[in-house]
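Worksheet: the structure to be examined is printed underneath.
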Amino acid sequence: MISLNEPNISKKDIKSVIKTLNDNWVSSSGPIVNMFEKKICKYSSVKNAVAFVNATSALQIALKLIGTNNKTEIIVPTVTFVAPVNAIIYNSGSPIFMDVDKYFNIDLNKTLEFLDKKTKFKNGYTINKKTGKKILAIIIVHVWGNAVFLDDIKKICKRKNIKIIEDASESLGTKYKLGKFKNHMTGTVGDIGIYSFNGNKIITGGNGGVLVTNNSKIAKKAKYLSSQAIDDSDFYIHKKIGYNFRLSSLNAALCISQLSNLNNFLKKKKSIYNEYKKKLINNLNFRLVEPPLYANNNHWMNVVIVRKGKLKSLIERMKKKRIQARAMWLPNHLQKPYRKYETYKISFANYLKNTALCIPSSTNLSALNINKVLSALKND
């Protein structure tokens with residue numbers, strides 16, 4: 001089977017995990033997790049990083065720290081893995097679903113239009129005219145590794161007292177090359193950023209997530225809550241309800257080793273993207289989704305737009321050829337648990353769900369297997 005996005009584990013990675021086992025560091029305590037946090041700070045040029053068992057738990061704590069509750073709402077794109085939407089619900093908040101643009105990212109024009117026409121500013125908060133609830137934040141998801149251009153929305157959110165939480169789970173290594181935030185990594189522009197180290201990400205710890213922020217108070221609270229909110233470790237005193245969300249040393253050891261190879265993975269991802277682009281450029285049945293020009297992309301996932309009505313049969317045919325391919329996620333405003341929540345002018349997302357195909361993008365994808373994928377596509 002040619003996998004969609006499998007981990008690339010080296011002998012060095014294995015040795016790193018074995019050393020951690022031999023040193024008897026297996027839980028979330030000890031130097032390994034702290035070392036990983038420091039290395040993420042250095043790589044992404046942020047002041048603080050807090051390691052979590054996964055990115056979903058990091059999102060949950062991020063939303064809790066900004067005050068999400070049943071009287072608040074969070075703007076989120078409908079096209080994203082369900083994790084950020086679930087994190088809103090875990091905190092009793094309500095999502096407002098936005099449409100997406102040609103990069104599969106939140107449609108900022110519609111978002112700004114919604115803020116202009118459907119909200120008011122009162123007593124220091126942006127209020128949804130329809131529900132009367134505070135809009136606390138926008139979750140910016142950098143889908144497939146494509147950076148969202150944040151120059152305008154950042155300025156407006158500051159004026160309207162709306163926090164920006166960046167779900168950069170898929171975009172580790174993506175860096176802006178134009179605009180106000182030139183040379184900034186995705187995940188470092190908003191108030192809080194989140195990275196994922198799940199098994200299918202560009203680097204992996206098997207599990208793992210990191211919350212990054214330049215706000216030391218937020219980082220301190222995040223670490224406190226994720227560590228069961230222990231106020232006195234000698235007598236086990238807890239003044240707040242905490243969570244068992246810290247990353248283990250075993251996962252952190254693998255993350256550290258993988259992080260040292262990230263630049264090589266980025267080069268390989270770009271090479272795979274360029275090969276797909278070169279071979280599909282004259283194909284009338286498929287269009288490779290190109291990244292925005294204002295950022296250097298990590299090319300985490302390659303996606304093609306297929307002819308409407310062909311998606312299901314194409315996935316089945318590729319399965320028979322032992323090639324893993326899948327549609328994008330069903331837009332979240334159409335998911336059964338979330339149909340009751342507010343949406344705003346969603347149209348393009350509905351088109352993409354019937355035409356977007358994710359194709360193999362692993363960093364260990366060989367030239368032979370790239371050609372097999374391309375051959376399967378061209379046979380349509």
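The values are calculated or read from the model by the stated rules, or taken from the named source; none is laboratory data. Quantities reported herein were computed from a predicted structural model and do not represent experimental measurements. Positions of Cβ are generated from backbone atoms using ideal geometry, with glycine treated the same way; all protein chains shown enter the neighbour counts.
Consider the range 244-269 and keep the residues that are surrounded by fewer than 20 Cβ atoms within 10 Å (Cβ to Cβ) and polar (S, T, N, Q). The one that is nearest to S10 (Cα to Cα) is N261. Close contacts from the range 221-236, counting a first residue that is in the same structural domain as S248 (by TED's automatic domain parsing) and a second that is exposed (fewer than 10 other Cβ atoms within 10 Å of the Cβ) and at pLDDT 95 or above, with Cβ to Cβ under 8 Å and a gap of 6+ residues or different chains, come to A229/I241. Here are the criteria: (1) at positive phi; (2) in contact (Cβ under 8 Å) with a residue 60 or more places away in the chain. Tell me which single one G309 does not satisfy. Against the list (1) at positive phi; (2) in contact (Cβ under 8 Å) with a residue 60 or more places away in the chain, G309 comes up short only on (2). Considering every residue within the range 85-100, establish whether at least one is closer than 30 Å to S347 by Cα, touching a His at 6+ places or on another chain (Cβ under 6 Å), in the same structural domain as I162 (by TED's automatic domain parsing) and of a type in the set (V, I, T). Looking for residues that are closer than 30 Å to S347 by Cα, touching a His at 6+ places or on another chain (Cβ under 6 Å), in the same structural domain as I162 (by TED's automatic domain parsing) and of a type in the set (V, I, T), one finds none in the range 85-100, hence no.
The residues of the range 120-146 that are crowded, with 16+ Cβ neighbours inside 10 Å, touching a residue at least 40 places away in the same chain (Cβ under 8 Å) and under 21 Å from K345 (Cα atoms), listed by number, are N128, K133, K134, I135, L136, A137, I138, I139, I140, V141, H142, V143.
Each row is one residue, and each column tells you yes or no for (1) of a type in the set (G, A, S); (2) more than 24 Å from A222 (Cα to Cα); (3) surrounded by fewer than 24 Cβ atoms within 10 Å (Cβ to Cβ).
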| site | (1), (2), (3) |
| --- | --- |
| N69 | no, no, yes |
| P77 | no, yes, no |
| N109 | no, yes, yes |
| L112 | no, yes, yes |
| V148 | no, yes, no |
| K155 | no, yes, yes |
| K163 | no, no, yes |
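Within the range 104-119, residues that are part of a helix (DSSP H, G or I) have Cβ atoms under 6 Å from residues that are surrounded by fewer than 21 Cβ atoms within 10 Å (Cβ to Cβ) in these pairs: K110/K345; F114/Y344; K118/K129, counting only partners at least 6 apart in sequence or on another chain.
Would you check which residues across the range 327-374 are closer than 21 Å to G309 by Cα, assigned to a strand (DSSP E or B) and of a type outside the set (G, A, S) and list them? Residues satisfying the conditions are L357, C358, I359. A single member of E316, E290, E275 is more than 30 Å from M35 (Cα to Cα), in contact (Cβ under 8 Å) with a residue 24 or more places away in the chain and not polar (S, T, N, Q), and it is E275.
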